[in-house]
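These notes are about the structure you will find just below.
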Amino acid sequence: MSVFRGRGALRASRRTALLAVTALTAGLLLSTQQPAVAGANLVRNPGFETPGTGGAGDLPYCWERSGWGDNDFSFTTVDDARSGTKALKVELTRRADGDRKALITESAACAPDVLPDRQYDLSVWYKSTTPDVALTLFRHDTTAGWQYWTDLKTLELSPGYRRAEVRTPVVPPGTDRITWGVSVYGTGSVTTDDYGMEEVAPPPVAPGCTGTPQECADGRWEVLPTENPVRSMHSVVLHNGKVLLIAGSGNDVDSFEAGTFTSAVYDPADGSYRTIPTPDDMFCSGHVQLSDGRVLVMSGNKGYPSADGTVGYQGYKDSYVFDPATETYSRTNDMNDGHWYPSATLMGNGDVLSFGGLREDSSGSVTAERWSAAAQRWLPTWQVN
């Protein structure tokens, strides 16, 4: 078995079949880094629904009080929630200096883990009676411990709930966790709910090529060490990433006369082949992938040419559907004519148009065939234009 490696995909050493088929199906073998999948909320107890364990007046689980200076303040878990049943209110009734903060608890159990050189999207729903409110970040340095990082955003005055969102700077080296929340530094109050924190996917790494300049520009053929167990006459890249390889009799008269017809499914995930029971000689069939990912295989080889040359290849009327989910063939109704090596085209409505090839008597077929996606069958000739 051989594979062609496209430009930007070459490596100096011989690759396994896994990488080879990846190149075959994807077109390129690129040294790319998979992006992180954003979406998981890294904040524990983001809506304050889980109470703290310190008794009356304690903040909800994974939240703590912070702040400094000469001011009068209160921290209250209230029922005025945006969602759920709880929200957290921080209020200053007198201020000479300083601020008061409601922050994620500085502990390994509560403070979100972060990675150096990454960024994170932070969000919070809030309403406030003072414009003197900011989103404040602290970071945990693996050597120096917890320390102030930055104030990211000043929150606008808002009588009703609104969403504030901001992206952190790049996490500095040596940082393994962060904590953040709202700081109130003027008289008035802020009520918050539904905190969110998601990792930002890093930008993709540009592809590279380690082949020669000519190989990087033109690609290169390479013989693989893995041997294909069937003599593939047809191949289909399936929607699940596997590859259906159809041999039938494999253009071998002895296999045909013995009724030995083969197919295999190649799995690039582990480099394995699975031989598939094959009910007919699908050598010289036609095939097309249907809209749902199954493969429609039509006609094939009913007979090889006679020794005296009076009869050529013959095509049968049989037709099958291969299901990637079960890796099995199931028979459909017959086509209206035999078609040794027909063509097949998937149309926009999911139907399939097929014609051409040799009939059961080895003469050329002029019968057009139409597979109905709605009926899941070949239509009779009077329904085919």
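Below, the figures for the structure above:
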| quantity | calculated |
| --- | --- |
| So ALA374, is it of a type in the set (A, V, I, L, M) and exposed (fewer than 13 other Cβ atoms within 10 Å of the Cβ) | yes |
| Flag if GLY350 is free of Cβ contacts under 8 Å to residues at least 40 places away in the same chain and surrounded by fewer than 20 Cβ atoms within 10 Å (Cβ to Cβ) | no |
| Looking only at segment 299-322, and only at residues there that are open to solvent by 30 Å² or more (accessible area, probe 1.4 Å) and aliphatic (A, V, I, L, M), the one that is farthest from the chain's Cα centre (by Cα) | ALA307 |
| Selection within segment 65-115 - open to solvent by 20 Å² or more (accessible area, probe 1.4 Å), of a type outside the set (D, E, K, R) and closer than 12 Å to VAL182 by Cβ | SER66, GLY67, PHE75 |
| Residue that is modelled with the highest pLDDT [pool: residues in segment 176-215 that are under 30 Å from the mean Cα position of the chain (by Cα) and among the hydroxyl-bearing types (Ser, Thr, Tyr)] | TYR195 |
| Residues that are open to solvent by 10 Å² or more (accessible area, probe 1.4 Å) and part of a strand (DSSP E or B), drawn from segment 276-293 | PRO277, HIS287, VAL288, GLN289 |
| Which numbered condition TYR126 fails, given (1) in contact with a Ser or Thr (Cβ under 6 Å, 6 or more places away or on another chain); (2) assigned to a loop (DSSP other than H, G, I, E, B); (3) surrounded by 19 or more Cβ atoms within 10 Å (Cβ to Cβ) | (2) |
| Residue identified as part of a loop (DSSP other than H, G, I, E, B), basic (Lys, Arg) and open to solvent by 30 Å² or more (accessible area, probe 1.4 Å) among ARG118, ARG139 | ARG118 |
| Residue in segment 296-307 that is part of a loop (DSSP other than H, G, I, E, B), under 23 Å from SER372 (Cβ atoms) and either basic (Lys, Arg) or modelled with pLDDT of 90 or more (or both) present | yes |
| Selection count, segment 203-240, where residues are in a loop (DSSP other than H, G, I, E, B), out of contact with any strand residue (DSSP E or B) (no Cβ under 7 Å at 6 or more places or on another chain) and open to solvent by 30 Å² or more (accessible area, probe 1.4 Å) | 13 |
| Single residue of segment 40-53 satisfying the filter (open to solvent by 60 Å² or more (accessible area, probe 1.4 Å) and either farther than 21 Å from GLY196 by Cβ or not aliphatic (A, V, I, L, M) (or both)) that is modelled with the lowest pLDDT | THR53 |
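Yes/no matrix, rows are residues, columns are (1) touching a residue at least 40 places away in the same chain (Cβ under 8 Å); (2) closer than 18 Å to ALA344 by Cα; (3) among the basic types (Lys, Arg):
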residue	(1), (2), (3)
VAL237	yes, yes, no
ALA247	no, no, no
VAL265	yes, no, no
TYR273	yes, no, no
PRO277	yes, no, no
LEU290	yes, yes, no
SER299	yes, yes, no
TYR316	yes, yes, no
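The values are calculated or read from the model by the stated rules, or taken from the named source; none is laboratory data. Predicted model only: the values in this text are computed from it and were never measured. Neighbour counts run over all protein chains shown; Cβ positions are idealised from the backbone, glycine included. The accessibility values were calculated without ligands, DNA or RNA, using every heavy atom of the protein model including side chains. Shrake-Rupley method; radii C 1.70, N 1.55, O 1.52, S 1.80 Å.
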